[in-house]
């Protein structure tokens with residue numbers, strides 16, 4: 001169940017470089033709502049294990065369903081890798097869950113393989129144990 005909940009895929013796309021400086025990678029920090037989930041090539045529209053996730057600057061990942069906290073774990077990202085990498089780190093001592101991600105403005109795509117291997121592409125082939133998640137950033141309210 002834990003791995004299924006975290007069968008996520010993130011996509012990171014940044015604007016082009018200006019003045020010879022490296023472009024800034026969009027941050028994963030924030031609150032995100034589930035838009036889509038595909039596992040093994042099949043879309044799961046009505047069976048989301050959670051409705052939103054929050055990624056904090058301090059490395060906490062909070063999964064919520066209907067506003068209620070479902071799971072709190074740790075995460076880390078490496079945006080310098082191509083594709084950018086993440087790991088969910090269970091607080092119960094379980095093994096880290098490796099994946100890849102990308103952020104395109106206000107869309108986050110996460111990809112994980114429930115077999116424990118880090119995916120190399122943002123796809124969920126038919127019959128695989130790869131899950132591809134798409135999230136929409138929740139606008140900040142002041």
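The values are calculated or read from the model by the stated rules, or taken from the named source; none is laboratory data. Owing to the predicted nature of the structure, the values given are computational and were not obtained by experimental measurement. Every residue, glycine among them, receives a Cβ derived from its backbone with ideal geometry; neighbour counts consider all protein chains shown.
Quick notes on this one:
- Qualifying positions in segment 52-84 - more than 18 Å from residue 134 (Cβ to Cβ), in contact (Cβ under 8 Å) with a residue 12 or more places away in the chain and crowded, with 16+ Cβ neighbours inside 10 Å: 71, 73, 79
- Hits in segment 104-128 - residues which are under 22 Å from residue 52 (Cα atoms) and buried (at least 16 other Cβ atoms within 10 Å of the Cβ): 107, 108, 109, 110, 111, 112, 113, 114, 122, 124
- Residue among 112, 71, 97 that is in contact with a strand residue (DSSP E or B) (Cβ under 9 Å, 6 or more places away or on another chain) and under 23 Å from residue 139 (Cα atoms): 71
- Residue in segment 86-103 that is at pLDDT below 90, surrounded by 15 or more Cβ atoms within 10 Å (Cβ to Cβ) and assigned to a loop (DSSP other than H, G, I, E, B) present: yes
- Of all residues in segment 57-68, those being touching a strand residue (DSSP E or B) at 6+ places or on another chain (Cβ under 7 Å) and in a loop (DSSP other than H, G, I, E, B) number 1.
- Filtered residues of segment 85-113 (kept if more than 16 Å from residue 63 (Cβ to Cβ), without any contact (Cβ under 8 Å) to a residue 40 or more places away in the chain and within 10 Å of the chain's Cα centre (by Cα)): 85
- Scanning segment 13-56 for residues that are at pLDDT 80 or above, on the phi > 0 side of the Ramachandran plot and outside any strand (DSSP E or B) yields 40, 41.
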